[in-house]
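**Q** Please read through the structure below; I'll follow up with questions.
Rule-based calculations on the coordinates, nothing more; no lab input. As the structure is a computational prediction, the values presented were derived from the model and not from experiment. As a convention, Cβ positions derive from the backbone with ideal geometry for all residues, glycine included, and neighbour counts pool all protein chains shown.
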Amino acid sequence: MNATKTICTNCVMDTTDSAITFDARGVCDHCNTFYTQVQPHWHTGERGKAELDRMVETIQKAGKGKDYDCIIGMSGGIDSSYLVHAAKEVMGLRPLVFHVDAGWNSHIAVNNIERLVDGLGPDLFTEVIDWEEMRTCSAPSSARVCRISTRRRTTPFSRSCTNSPPRTESSTF
Ligand SMILES: [Zn+2]
């Protein structure tokens, strides 16, 4: 059974995170890291907007004459989906969207990727991990270093979210 569970006095994190620590006030290390290392550098107002605008300008200059300004990893979850939207529609960047299909994609994630790519039009590059090799490497008894075979595909994105999507090229790393 579970021993005593301690919950941060400032957030919802608890001792199900085996590495969590708490200060004398019961505030967790995640909260303290945010307040001491993130918040002082996080400018959400005009200052942050000006910094972001400068970064976008630098990225666009570096991308001039190239196919893409940047590369964005996309899982199909809300964070990366919004990032692709913001980069393309708000910042005016030309991203290459990069997705790793390790066989764990949910239908919702696949649908999100498909809708974003279809709706916004960025190129999508998907690295498909060989599912059988991935399973072998994920097994608890597997202590060896795994070499995973991959397959690559580019847009248009397949509607399927099986472990054997269309494959156009193969490589091993
Ligand atoms: Zn906390």
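**Q** Let me spell out the model: positive unit charges on the Cβ of Lys and Arg, negative unit charges on the Cβ of Asp and Glu, origin at the Cα centre of region 34-133. What dipole size does that give, in debye rounded to 20?
**A** Values: 9 positive and 16 negative charges, 136 e Å.
Around 660 debye, computed over region 34-133.
**Q** Follow-up. Can you pull the one-decimal nm distance between simple spin-label points at T136 and C11, each 7 Å off the Cα toward Cβ?
**A** 3.9 nm
**Q** For region 42-144, with the dipole built from +1 on Lys and Arg beta-carbon atoms and -1 on Asp and Glu ones, taken about the Cα centre, which of H107, L120, A86 lies farthest toward the positive end?
**A** A86
**Q** Among 60-72, 104-116, how do they line up from the highest to the lowest mean number of other beta-carbon atoms within 10 Å?
**A** On the way: 60-72: 12.2, 104-116: 16.9.
By packing density, highest mean first, the sequence is 104-116, 60-72.
**Q** Next up: To make sure I understand the rule: partners must be lysines, Cα under 26 Å from the Cα of K88, and not fewer than 8 residues away in the same chain. Which ones qualify?
**A** Candidates past the 8-residue exclusion: K49, K61, K64, K66.
**Q** Which value in nm describes the separation of the simple spin-label points at R115 and T4, placed 7 Å from the Cα toward the beta carbon?
**A** Using points 7 Å along Cα→Cβ, the separation is 4.6 nm.
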